[in-house]
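The values are calculated or read from the model by the stated rules, or taken from the named source; none is laboratory data. None of these values were measured; they are calculated from a predicted model. All Cβ positions, even for glycine, are placed from backbone atoms using ideal geometry, and neighbour counts span all protein chains on display.
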Ligand SMILES: Nc1ncnc2c1ncn2[C@@H]1O[C@H](COP(=O)(O)OP(=O)(O)OP(=O)(O)O)[C@@H](O)[C@H]1O
Ligand SMILES: [Mg+2]
């Protein structure tokens, strides 16, 4: 698969503060990646460097195997920045037409409207008069105007109501199904869990985890395997170090563990007679909390 983003040993210092510390990752065509982390973790700084808006203090970034500032690269990316700024004086329709002209194969106005939910009334409004949520819809339309291969979105859903948010993620999924590469940041972890195939987790400038949402949740120390069992063999589970706790609730047995695979293997090895087995991985939010407060390197 074609490599779309390559970040190699990238550090960014502002005066003597390191905002990004030796970050490395590579993103392939068609991946949908969430960049997560607490406030000040280095997400926007990393994205700004990927877009060529900031220069790394050391290390190297390439998009489509070229420098981010190359014209060929710029034509293939669509961006939505964390800070929304819209051009004053132009109506939404004029602004979209203007931006479309910069690109060799732009999306049609009709496609942009159907992707973003901009209304006829929005199109006739001057950009600066839009509400906060409508401005984000416009900046999403501007990001898509050039029919980009790579879409980079920094906190795209901030200020969107539930309907706009749902529509936005539906569009993202349609674009992903077309093979577009999508990178976004969010503080709404459920969005990352639902949409992203991969999560890169930053904390204090460093990448502390990089994997699928399930892999990251699997780092949680309190996951559960629950099941029914009529056999009296449950107490055979005690004494295994992988089992931290066993309890019964509503006729189900719950085994607390940090390794659900190992517990499953134990259930069969010890002939527990388990049926209706379920694995409960916990929430991404808990994993995020645990990983960012422990400061543990987990890659
Ligand atoms: N232009 C700048 N000059 C000095 N320090 C900066 C600058 N831009 C960012 N920083 C610092 O770098 C660190 C990382 O900031 P960054 O904006 O990348 O965080 P973030 O992960 O995007 O946070 P948020 O979730 O709040 O958007 C912060 O400590 C911030 O104060
Ligand atoms: Mg940010």
(message) Name the residue that is nearest to ligand 1 (Cβ to nearest atom), counting only residues in region 194-240 that are within 17 Å of the chain's Cα centre (by Cα) and loosely packed, with under 15 Cβ neighbours inside 10 Å.
(response) 194
(message) Which numbered condition in (1) in contact (Cβ under 8 Å) with a residue 40 or more places away in the chain; (2) more than 16 Å from ligand 1 (Cβ to nearest atom); (3) over 30 Å from residue 13 (Cβ atoms) is the only one that residue 191 fails?
(response) (2)
(request) Go through region 112-128 and give me each residue that's surrounded by 13 or more Cβ atoms within 10 Å (Cβ to Cβ) and either in a helix (DSSP H, G or I) or not assigned by TED's automatic domain parsing to the domain that holds residue 163 (or both). (result) 112, 113, 114, 115, 116, 122, 123, 127
(request) May I ask you to list pairs of residues, at least six apart or on different chains, whose Cβ atoms are under 7 Å apart, with the first in region 68-87 being farther than 14 Å from residue 142 by Cα and the second being more than 16 Å from ligand 1 (Cβ to nearest atom) and in a loop (DSSP other than H, G, I, E, B)? (result) 73/64
(request) Please give the strands (runs of 3 or more DSSP E) falling wholly within region 18-93 in which 2 or more residues are within 16 Å of ligand 2 (Cβ to nearest atom). (result) 32-36, 77-80
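Could you check, for region 239-246, whether at least one of its residues is within 30 Å of residue 62 (Cα to Cα) and in a strand (DSSP E or B)?
Filtering region 239-246 for residues within 30 Å of residue 62 (Cα to Cα) gives none.
Checked region 239-246: no residue is within 30 Å of residue 62 (Cα to Cα) and in a strand (DSSP E or B).
Here is a yes/no grid of residues against (1) free of Cβ contacts under 8 Å to residues at least 60 places away in the same chain; (2) under 17 Å from the mean Cα position of the chain (by Cα); (3) surrounded by 21 or more Cβ atoms within 10 Å (Cβ to Cβ):
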site: 5; (1), (2), (3): no, yes, yes
site: 11; (1), (2), (3): yes, no, no
site: 25; (1), (2), (3): no, yes, no
site: 28; (1), (2), (3): no, yes, no
site: 38; (1), (2), (3): no, yes, no
site: 42; (1), (2), (3): no, yes, yes
site: 53; (1), (2), (3): yes, no, no
(message) Considering only residues that are farther than 27 Å from residue 192 by Cβ and surrounded by 18 or more Cβ atoms within 10 Å (Cβ to Cβ), which ones fall in region 244-257?
(response) 253, 255
(message) For region 90-118, which positions are over 22 Å from residue 75 (Cβ atoms) and out of contact with any helix residue (DSSP H, G or I) (no Cβ under 8 Å at 6 or more places or on another chain)?
(response) 114
(message) Residues to consider are 167, 136; find the one that is in the same structural domain as residue 46 (by TED's automatic domain parsing), within 16 Å of ligand 1 (Cβ to nearest atom) and touching a residue at least 12 places away in the same chain (Cβ under 8 Å).
(response) 136
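Any residue at all in region 250-260 that's in contact (Cβ under 8 Å) with a residue 60 or more places away in the chain and in a loop (DSSP other than H, G, I, E, B)?
Initially, region 250-260 is screened for residues in contact (Cβ under 8 Å) with a residue 60 or more places away in the chain, giving none.
Checked against the condition, which is being in contact (Cβ under 8 Å) with a residue 60 or more places away in the chain and in a loop (DSSP other than H, G, I, E, B), region 250-260 yields no hits at all.
Residues of region 133-185 being closer than 24 Å to residue 64 by Cα, within 16 Å of ligand 2 (Cβ to nearest atom) and in a helix (DSSP H, G or I), which ones? Step through it out loud before you land on a result.
Of all residues in region 133-185, those closer than 24 Å to residue 64 by Cα come to 139-156, 171-185.
Then keep just the ones that are within 16 Å of ligand 2 (Cβ to nearest atom); that gives 139, 152-156, 183-185.
Within region 133-185, just 139 meets the criteria.
Residues to consider are 148, 156; find the one that is within 16 Å of ligand 1 (Cβ to nearest atom) and either surrounded by 21 or more Cβ atoms within 10 Å (Cβ to Cβ) or in the same structural domain as residue 194 (by TED's automatic domain parsing) (or both).
Criteria check complete, one pass: 156.
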